[in-house]
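The values are calculated or read from the model by the stated rules, or taken from the named source; none is laboratory data. Just so it is clear, the structure is predicted and the values come from calculations on it, not from any experiment. Here the Cβ positions follow ideal geometry from the backbone for every residue, glycine too, while neighbour counts run over all protein chains shown. For the accessible areas, the whole protein counts, side chains as well, though only heavy atoms, and no ligand, DNA or RNA atoms are used. Shrake-Rupley method; radii C 1.70, N 1.55, O 1.52, S 1.80 Å.
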Amino acid sequence: MAYEGILLGMGNPLLDISAVVDDAFLDKYDVKLNNAILAEEKHLPMYDEMSSKYEVEYIAGGATQNSIKVAQWMLQIPGATSFMGCIGKDKYGKEMKKNSTAAGVNVHYYEDEAAPTGTCGVCVVGGERSLIANLSAANCYKSEHLKRPENWALVEKAKYYYIAGFFLTVSPESILLVAEHAAANNKVFTMNLSAPFICEFFKDAQEKVLPYMDYVFGNETEARTFSRVHGWETDNVEEIALKISKLPKASGAHKRITVITQGADPVVIAEDGKVKLFPVILLPKEKLVDTNGAGDAFVGGFLSQMVQEKPIADCVKAGCYAANVVIQRSGCTYPEKPDF
């Protein structure tokens, strides 16, 4: 079967602990809406407080895993996608494995003996979300796991790769192994800027992998942070997308395409020195449940068409469709079948 294992994702598998909270809660833990951060000492009591004070939902998450699951859902071809990351040997880990396998993804988790499965606090206010990730086991992924024959076989088999920028904080070595394989074999390697803090504080790790990126995904806030950190002195998202697409590449097999989402504003695509704008599907405010997973779902929808070699307009359309579905539900979840 031509599509088996065509798309491989590698990232931080996290269990989302999601609740609608209030502004006072955000202030107490010093978190901002539409942001994603790593948990510090001061955030650790937050998870228990959320579950005791608010109605909490537990949803399998993690940016890359979300995107891979959505691509799998859109494709409706069992085993078209694979995923690697690290979980703990605990009930959350078991639950995650069950959830992802049921979604049709071929998961090869590295199971850490000591650390618990990572969690991500999702604080929702007025439909907007803030993410606070406690990586725990997800932070323990090692390139040794990737190099095992049964896991490297997934890399060999895939033709497309997607890794969220968040994984740069965990195993840049694993990312480079996959990136170099993609470049050497004319395969398509894609990444996401993922969060302002990645562009800012993991700039060096990001720079090392940038030449290998055939597609760079991100949102407008991340793009502006990237621009500022690189001293570009522009806040114009179209200009930034273009500049990113023109950064040096490791291999000439594929040109780089930048894909920047802007919430309800049009998607910006930069390729071949030109920018195209694609409108998104607008949603009445009362239908918005939460934006958690919206960007991940966009990427998943986009990738589902990319692996079928569809034109970019179709990829964007599928991305917008998937994001539209996910923002009308809690977390990165979707109905049984896509209507695309």
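Observations on the model:
- For region 290-295, Karplus couplings with θ = phi - 60° (6.51, -1.76, 1.60), whole Hz, Gly/Pro x: 6, 8, 4, x, 4, x
- For the chain, the solvent-accessible area of protein heavy atoms averages 42 Å² per residue (probe radius 1.4 Å; ligands and nucleic acids excluded).
- Label-to-label distance, nm, for residues given as D204 and Q328 (7 Å Cα→Cβ offset): 4.7
- Hydrodynamic radius by Kirkwood, which averages 1/r over all alpha carbon pairs of region 58-155, in angstrom: 14.2
- Surface share of carbon and sulfur [accessible, 1.4 angstrom probe, percent] for region 224-340: 51
- Evaluated at q = 0.23, 0.29 Å⁻¹: base-10 log I(q)/I(0), Debye formula over Cα of region 237-302: -1.02, -1.28
- Relative intensity, log₁₀ I(q)/I(0), of region 1-116 from a Debye sum that treats every alpha carbon as a point, q = 0.13, 0.21, 0.22 Å⁻¹: -0.59, -1.15, -1.20
- MRE, 222 nm, helices only [DSSP H, n ≥ 4, -39500 (n - 2.57), over the chain, to nearest 500]: -11000 deg cm²/dmol
- Cut-off 20 Å (backbone N to label point 7 Å along Cα→Cβ of A184), residues of region 245-259: 249-254
- Using the Cβ-Cβ distance between H230 and H254 with R0 = 25 Å, the FRET efficiency computed as 1/(1 + (r/R0)^6) comes to roughly 0.65.
- Annotation: extensible slack from A102 through Y58 equals 14.2 nm (criterion: 0.36 nm per residue apart, minus Cα-Cα distance).
- Each Lys and Arg contributes +1 and each Asp and Glu -1, all at the Cβ; summed about the Cα centre of region 176-273, the dipole is approximately 360 debye.
- Cα shape, region 262-340, gyration tensor, a/c 1.5 rule: oblate
- Sites A24 and E239, calculated FRET efficiency, Cβ-Cβ separation with R0 25 Å, nearest 0.05: 0.05
- Summed over all non-identical Cα pairs, the Kirkwood treatment of the chain gives a radius of 19.7 Å.
- Nonlocal Lys pairs with alpha-carbon distance under 15 Å, region 169-321 (8 or more apart, or different chains): 10
- Summarising the label geometry, the points placed 7 Å from Cα in the beta-carbon direction at K147 and A313 lie 4.7 nm from one another.
- Coupling constants for region 102-115 follow from the phi torsions by the Karplus curve (6.51 cos²θ - 1.76 cosθ + 1.60, θ = phi - 60°), and in residue order they are 4, 6, x, 8, 7, 9, 10, 7, 8, 9, 7, 5, 9, 7 Hz; glycine and proline get x.
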